[in-house]
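Okay, structure first, notes after.
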Amino acid sequence: MNDHSEIQNRITLLKVEHRDLDIVIESLILAGHTDELQLQRLKKRKLQLKDHIKLLQMQLIPDVPA
């Protein structure tokens with residue numbers, strides 16, 4: 001497996017985790033969950049995942065000479 005495939009697989013896994021976190025956060029909010037610290041941690045993790053996904057996606061873009 002080459003680096004491109006490994007990066008793509010990692011992106012896919014991170015997107016699944018990001019989507020799962022979104023579902024958990026929405027469920028907690030709709031259920032009237034009041035543990036703001038837990039919600040804040042979940043949202044922070046979700047943002048970290050998004051940033052990591054963007055970073056990996058940038059690695060897939062070939063460098064273009066200026």
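Some values worked out for this structure:
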| item | result |
| --- | --- |
| Cross-link partners of Lys46 among aspartates and glutamates (Cα-Cα below 18 Å; sequence separation of 8 or more within a chain) | Glu17, Asp20, Asp22, Glu26, Asp35, Glu36 |
| Student exercise, the range 6-59 dipole from Lys, Arg, Asp, Glu Cβ charges, in Debye to nearest 20 | 200 debye |
| Helix-only mean residue ellipticity at 222 nm for the chain, each DSSP H run of n ≥ 4 adding -39500 (n - 2.57), per residue, nearest 500 | -28500 deg cm²/dmol |
| With Cα atoms, 0 to 90° folded angle of helix 3-30 axis to the chain main axis | 10 degrees |
| Cα pair distances in the chain, grouped into 5 Å bins until the bin that holds the longest one, percent each | 3, 17, 21, 17, 14, 10, 8, 5, 3, 1, 0 |
| For the chain: relative contact order, % (alpha-carbon pairs under 8 angstrom, 6 or more apart) | 50 percent |
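Every number here is computed from the coordinates shown, using simple stated rules; none is lab data. This structure is a prediction, so every number in the text was calculated from the model and none was measured. Every residue, glycine among them, receives a Cβ derived from its backbone with ideal geometry; neighbour counts consider all protein chains shown.
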